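Rule-based calculations on the coordinates, nothing more; no lab input. Here the structure is a predicted model, which means the values were calculated and not measured. Neighbour counts are summed over all protein chains in view; Cβ atoms, including those assigned to glycine, are modelled from backbone coordinates with ideal geometry.
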Ligand SMILES: Nc1nc2c(ncn2[C@@H]2O[C@H](COP(=O)(O)OP(=O)(O)O)[C@@H](O)[C@H]2O)c(=O)[nH]1
Ligand SMILES: [Mg+2]
C-alpha cells in the first residue's frame, strides 16, 4: 500500500491527552501518510502537541480554525480538512482514540481497491448509556429510511464519523450542495450520502469496535441532536 495517497483528517477540540499518541501511531504504521488537524480553538495543549510534531514532520499540518473566524463544528472542521488535503483520498476520524488507528489501513485498502467511499462500521459500541444507544438507534432508522426513500447509496453505519472518501468526489458533491452540509453537526457522512447521485458509488465497509473514551470529555449533546434534524430536513 502506498500511503502517500492518503490524508487522515482529525477534527479536534481539547484532545491534548490523545492527539500526540494518535498522530505518532498513524505516522509509524502508515509510512508516507499525511495528517491534517482541524482545531476549533482548543483551550488545552492540543495546538502545542501538534505543532511540535509538525515541526519535525512536514506531512503533519495544523489549522487553528477559531483564529480564521470560521464556522465552528465537527463537520465544518472535517470539511475544511478534506478540502485542504492534497492527496487523492482523505480519511476522517476522531482524535480521542475511540476510532482505532489500526482500522485506517483497512479503510485505505478499500479505497485503493476502487471504492469511492469506505466506512468504518460500528459493530459494537462500548460505554454508551442505554438512553444514548436507544436515541442513536431511532435516529439511524429515520436517516436510513430517508436515504432509502430517495434511492441513495447506504451502508451499515450511515452516521459513522470514521470514513474515507475520494477527495474529488467529496469536492464535487460539496460544491454542488454546500447548503445541505450542516457544519455544526457531527454527521458529515450522512450529509455526503444524501447528496450523492442515486446509486452512483461503491461503498466499502469495515466493521470495528467503537472504543470507550478514556481521556477527555465527549462534546456530543442535545445541540448535535438538533443539528441532525437540520441534516434530515435540508
Ligand atoms: N474541530 C472540532 N472538533 C470537534 C468538535 N466537537 C467535537 N470535535 C472532535 O470530534 C471528535 C469526536 O467528538 P466526541 O466529543 O468524542 O464525540 P463522540 O465520540 O460522539 O462522543 C473528537 O476528535 C473531538 O475532539 C468541534 O466543535 N470542532
Ligand atoms: Mg468520542
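What the Cβ-Cβ distance of residue 232 and residue 56 gives, at R0 = 30 Å and to the nearest 0.05, is a FRET efficiency of 0.10.
Exposure proxy shown here: for 203, 79, the number of other Cβ atoms within 10 Å sets the order, fewest to most, as 203, 79.
With a/c under 1.5 counting as rounded, go ahead and sort the chain into rounded, prolate or oblate using the C-alpha gyration tensor (a ≥ b ≥ c being the square roots of the eigenvalues; past the cut-off, prolate if a/b is larger than b/c, else oblate). Could you put the intermediate results ahead of the total?
On the way: a/c = 1.42, a/b = 1.24, b/c = 1.15.
Here the chain falls in the rounded category.
Each of residue 213 and residue 137 was given a label point 7 Å from its Cα along the Cα-to-Cβ line. The distance between the two points is 2.2 nm.
In nm, what is the difference between 0.36 nm times the number of residues separating residue 88 and residue 202 and their Cα-Cα distance? Working shown, then result.
Values: separation 114, 0.36 × 114 = 41.04 nm, distance 1.66 nm.
Value of the extension gain: 39.4 nm.
Taken as Cα centroids, region 169-198 and region 1-39 sit 23 Å apart, rounded to the nearest whole angstrom. Taking Cα centroids, how far is region 61-75 from region 118-137 in Å? Result: 27 Å between the Cα centres. Once you sort the root eigenvalues of the Cα gyration tensor of region 1-79 as a ≥ b ≥ c, which label holds: rounded (a/c under 1.5), prolate (a/b larger than b/c) or oblate (the other case)? Taking the square roots of the gyration eigenvalues as a ≥ b ≥ c, region 1-79 is prolate.
Given contacts defined as C-alpha pairs under 8 Å and at least six residues apart, what's the relative contact order of region 3-233, whole-number percent? Present the calculation step by step, with values, prior to reporting the outcome.
Details: 439 pairs, mean separation 56.2, N = 231.
Answer for region 3-233 is 24 percent.
Arranged by the count of other C-beta atoms within 10 angstrom, fewest first, what order do 124, 87, 18 take? Don't skip to the answer; put the middle values down first.
Working: 124 9, 87 18, 18 21.
In increasing order of surrounding Cβ atoms, one gets 124, 87, 18.
The calculated FRET efficiency for the pair residue 179 and residue 1, based on their C-beta separation and a Förster distance of 22 Å, comes to about 0.05. Comparing 215, 174, 30 in a Gaussian network model of the chain (Cα springs below 10 Å), the most mobile by mean-square fluctuation is 215. Just checking the listed ones, 135, 63, 117: in the Gaussian network model of the chain with Cα springs under 10 Å, the one fluctuating most is 135.
As a rough footprinting exposure proxy, the listed residues 146, 93, 1 were ranked by other beta carbons within 10 Å of their own, and the order from fewest upward is 1, 146, 93.
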